[in-house]
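For reference, the structure discussed in these notes is given below.
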Amino acid sequence: MQKILVARPIFPDVIERLKQYFDVDWNNGDALPADELARRLADKDGALTAGDPIGAAELAAAPKLRVVANMAVGYNNFDMAAFNAANVLGTNTPDVLNETTADFGWALMMATARRITESEHFLRAGKWQKWAYDMMLGADVYGSTLGIVGMGRIGQAIARRAKGFNMRVVYHNRSRVAPEIEAELNAEYRTKEALLREADHVVLVLPYTPENHHTIGAAEFALMKPTATLTNIARGGIVDDAALAEALRERRIAAAGLDVFEGEPSVHPALLTVPNVVLTPHIASASEATRRAMANLAADNLIAALGAGPRAGRPPNPINSAVMGKTRS
Ligand code: GLV
């Protein structure tokens, strides 16, 4: 039987599914440190990860490894150059999380614009003593301008929801989306700078790459309206968290909503000291149904890539399909 590592706790019934095909080594505990991860991968044919870093060192330590299935749509934890050099397939879990993640982007954007968590902390602390005309004044969402950075499938699902809020939608993306999609979403392309100047609510949904490290930092906050909000449901590292904390403290922008952080699960301490930020622990895709769908899709990818199951040899979501069929090197 082929051997696999499941590097993280996941739904036990998905482990049972995998056991029908493989000898499963399951780390049902905290994320494995790099040396332990490499040790556990050494004799494996495949692995299921959720954000665990896999690069040249891990692949070199695992000479039989042929596929790593990430339970996430983002795969910046994979060094794809190393995967390609070693002829190892990477897979991810797109699409099944689009609507859930778009819902959450909206929830976070609205909580940020309307100061929901700040208000709750105020109330719980017993500070609500009287009515005041200027208590917790926020920014309107209905009728405002939404700026979406990253117009992939999740960005498009966010834009679609904006119709019900009568919003103008501007977007920035590496390349323009097809004219019929722009027309359907009523979304207009902008340079990053123009979008930042124009939007009342900026939502980040782009994948992390080394090129867009800190693509939103002090210079970008300076372009934004002082009344604008920033919501990041993409990846830590896209925003310069230290610069963001400073911009929030100095009210250069009104507020931010963050589901992802540089170096998470650590959070930049300065972000914890400013009131005008809503912080959530990377849960945008976390509905019961969607997390189940993601886990099962990661398992489908692993099973198929290792030549088993009904889709043997045809994993649904190959990232680097060019390596398929090549000998492991
Ligand atoms: C979550 O962050 C994902 O990439 O799926």
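Based on what the data block shows, is Glu264 of a type in the set (Asp, Glu) and assigned to a loop (DSSP other than H, G, I, E, B)?
Yes: the conditions hold for Glu264.
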Q) Which members of segment 80-135 meet the condition of being under 18 Å from the mean Cα position of the chain (by Cα), closer than 30 Å to Lys44 by Cβ and small (Gly, Ala, Ser)? A) Gly90
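In segment 36-74, which residues are within 16 Å of the ligand (Cβ to nearest atom), among the aliphatic types (A, V, I, L, M) and open to solvent by 40 Å² or more (accessible area, probe 1.4 Å)? It would help to see each step written out before you state the result.
We begin by selecting, within segment 36-74, every residue within 16 Å of the ligand (Cβ to nearest atom); these are 48-54, 68-74.
With the extra rule that they be among the aliphatic types (A, V, I, L, M), the set shrinks to 48, 50, 54, 68-69, 71-73.
The one that is within 16 Å of the ligand (Cβ to nearest atom), among the aliphatic types (A, V, I, L, M) and open to solvent by 40 Å² or more (accessible area, probe 1.4 Å): Val73.
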**Q.** Matching residues in segment 170-211 - criterion: being assigned to a helix (DSSP H, G or I) and among the β-branched types (Val, Ile, Thr)
**A.** Ile181
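Yes or no, residue by residue, for (1) within 16 Å of the ligand (Cβ to nearest atom); (2) outside the structural domain of Ala254 (by TED's automatic domain parsing); (3) small (Gly, Ala, Ser):
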site: Asn76; (1), (2), (3): yes, yes, no
site: Ala82; (1), (2), (3): no, yes, yes
site: Ala113; (1), (2), (3): no, no, yes
site: Glu118; (1), (2), (3): no, no, no
site: Arg124; (1), (2), (3): no, no, no
Q: Search segment 121-136 for residues that are at pLDDT 95 or above and pair each with any residue that is open to solvent by 80 Å² or more (accessible area, probe 1.4 Å) when their beta-carbon atoms are under 7 Å apart and the residues are at least 6 apart or on different chains.
A: Phe122/Trp128
Q: Return the only residue of Pro210, Pro281, Pro315 being at pLDDT 95 or above, away from the ligand (no atom under 16 Å from the Cβ) and open to solvent by 70 Å² or more (accessible area, probe 1.4 Å).
A: Pro210
Q | Candidate set from segment 84-110 (those that are touching a Leu at 6+ places or on another chain (Cβ under 8 Å) and among the polar types (S, T, N, Q)); member that is nearest to the ligand (Cβ to nearest atom) | A | Thr93
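Taking Leu248 as the residue in question, decide whether it is open to solvent by less than 40 Å² (accessible area, probe 1.4 Å), more than 30 Å from Leu59 (Cβ to Cβ) and touching a strand residue (DSSP E or B) at 6+ places or on another chain (Cβ under 9 Å). Please lay out each step first, then the result.
On the way: open to solvent by less than 40 Å² (accessible area, probe 1.4 Å): yes; more than 30 Å from Leu59 (Cβ to Cβ): yes; touching a strand residue (DSSP E or B) at 6+ places or on another chain (Cβ under 9 Å): yes.
Yes; evaluated as a whole, the condition is true for this residue.
Let's see how each residue does on (1) open to solvent by 10 Å² or more (accessible area, probe 1.4 Å); (2) within 30 Å of Asp13 (Cβ to Cβ); (3) at pLDDT 95 or above; (4) not assigned by TED's automatic domain parsing to the domain that holds Ala102:
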residue: Leu244; (1), (2), (3), (4): no, no, yes, no
residue: Ile253; (1), (2), (3), (4): no, no, yes, no
residue: Gly257; (1), (2), (3), (4): no, no, yes, no
residue: Val260; (1), (2), (3), (4): no, yes, yes, no
residue: Ser266; (1), (2), (3), (4): yes, no, yes, no
Q: Test Arg311 against the stated conditions and say whether it is of a type in the set (D, E, K, R) and out of contact with any Pro (no Cβ under 9 Å at 6 or more places or on another chain).
A: yes
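The values are calculated or read from the model by the stated rules, or taken from the named source; none is laboratory data. Owing to the predicted nature of the structure, the values given are computational and were not obtained by experimental measurement. Here Cβ is always computed from backbone atoms with ideal geometry, including for glycine, and neighbour counts include all displayed protein chains. Quick note on the areas: whole protein, heavy atoms, side chains included, nothing else; ligands and nucleic acids left out. Shrake-Rupley method; radii C 1.70, N 1.55, O 1.52, S 1.80 Å.
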